[in-house]
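Q: Could you have a look at this structure, given as structure tokens, before my questions?
The values are calculated or read from the model by the stated rules, or taken from the named source; none is laboratory data. These numbers come from a predicted model, not from an experiment. Glycine gets a Cβ as well: all are built from the backbone with ideal geometry, and neighbour counts include every protein chain shown.
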């Protein structure tokens with residue numbers, strides 16, 4: 001039982017990471033195409049606030065405040081009782097609400113596969129395409145510097 005709980009926790013974390021990294025427009029588009037239910041009771045938010053970001057020099061130094069970031073959060077409850085949460089960078093309240101609903105639906109075994117195939121798989125594909133495009137654009141600007149040795153020494 002413990003192994004299954006650990007796998008579920010890791011899979012839920014990966015699902016939420018996909019939603020957090022995706023744009024709000026992509027989430028809305030794929031949500032509408034998937035036909036997933038969007039009915040949920042709002043327990044909190046969506047609301048926007050600032051959070052303090054902490055950092056460490058070199059990853060091991062003393063922590064210090066780097067600055068602040070805008071975060072939007074939402075918590076929802078489905079009619080079936082599952083509770084979903086979302087914290088997302090930025091001010092996109094619709095993204096936070098839909099991501100929280102997706103989290104709650106993912107926890108429901110009856111909806112998990114629909115969330116994976118209808119929402120998360122297309123979002124992962126879109127993220128991969130965007131990363132590949134960014135890598136190609138970056139690679140196009142790569143400059144190879146070399147030094148020619150004249151043999152006088």
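Q: Residue 45 - would you say it is touching a residue at least 40 places away in the same chain (Cβ under 8 Å) and either under 11 Å from residue 104 (Cβ atoms) or not in a loop (DSSP other than H, G, I, E, B) (or both)?
A: Yes, satisfied.
Q: Still on this structure, I have one more. Hey, does region 112-131 have a residue that's modelled with pLDDT of 90 or more, closer than 20 Å to residue 10 by Cα and part of a strand (DSSP E or B)?
A: Within region 112-131, none of the residues are modelled with pLDDT of 90 or more, closer than 20 Å to residue 10 by Cα and part of a strand (DSSP E or B).
Q: Then there's this: Since residue 82 meets every condition but one in (1) in contact with a helix residue (DSSP H, G or I) (Cβ under 7 Å, 6 or more places away or on another chain); (2) touching a residue at least 40 places away in the same chain (Cβ under 8 Å); (3) farther than 23 Å from residue 26 by Cα, which condition does it not meet?
A: Of the numbered conditions (1) in contact with a helix residue (DSSP H, G or I) (Cβ under 7 Å, 6 or more places away or on another chain); (2) touching a residue at least 40 places away in the same chain (Cβ under 8 Å); (3) farther than 23 Å from residue 26 by Cα, the odd one out for residue 82 is (2).
Q: For residue 69, state whether it is more than 16 Å from residue 119 (Cβ to Cβ), loosely packed, with under 14 Cβ neighbours inside 10 Å, within 18 Å of the chain's Cα centre (by Cα) and at pLDDT 90 or above.
A: It is true that residue 69 is more than 16 Å from residue 119 (Cβ to Cβ), loosely packed, with under 14 Cβ neighbours inside 10 Å, within 18 Å of the chain's Cα centre (by Cα) and at pLDDT 90 or above.
Q: Right, next: Picking from 63, 46, which residue would you name as being surrounded by fewer than 11 Cβ atoms within 10 Å (Cβ to Cβ) and either in contact with a strand residue (DSSP E or B) (Cβ under 8 Å, 6 or more places away or on another chain) or more than 28 Å from residue 125 (Cβ to Cβ) (or both)?
A: So the residue among 63, 46 that is surrounded by fewer than 11 Cβ atoms within 10 Å (Cβ to Cβ) and either in contact with a strand residue (DSSP E or B) (Cβ under 8 Å, 6 or more places away or on another chain) or more than 28 Å from residue 125 (Cβ to Cβ) (or both) is 63.
Q: Test each condition in (1) touching a helix residue (DSSP H, G or I) at 6+ places or on another chain (Cβ under 9 Å); (2) under 27 Å from residue 130 (Cα atoms) for residue 64 and report the one that comes out false.
A: All conditions pass for residue 64, except number (2).
Q: Could you pull out the residue among 39, 33 that is at pLDDT below 90, under 22 Å from residue 119 (Cβ atoms) and either assigned to a helix (DSSP H, G or I) or within 18 Å of the chain's Cα centre (by Cα) (or both)?
A: Just a single option satisfies the conditions, and that option is 33.
Q: Could you check region 78-104 and list, in sequence order, the residues that are crowded, with 18+ Cβ neighbours inside 10 Å and in a helix (DSSP H, G or I)?
A: The answer is 95, 96, 97, 98, 99, 100, 101, 102, 103, 104.
Q: Among the residues of region 48-62, what is the count of those that are within 20 Å of residue 101 (Cα to Cα) and without any contact (Cβ under 8 Å) to a residue 12 or more places away in the chain?
A: 0
Q: When both residues are 6+ apart or on different chains and their Cβ atoms are under 6 Å apart, which pairs have a first residue that lies in region 1-15 and is under 14 Å from residue 107 (Cβ atoms), and a second that is part of a helix (DSSP H, G or I)?
A: Close Cβ pairs satisfying both conditions: 15/106; 15/120.
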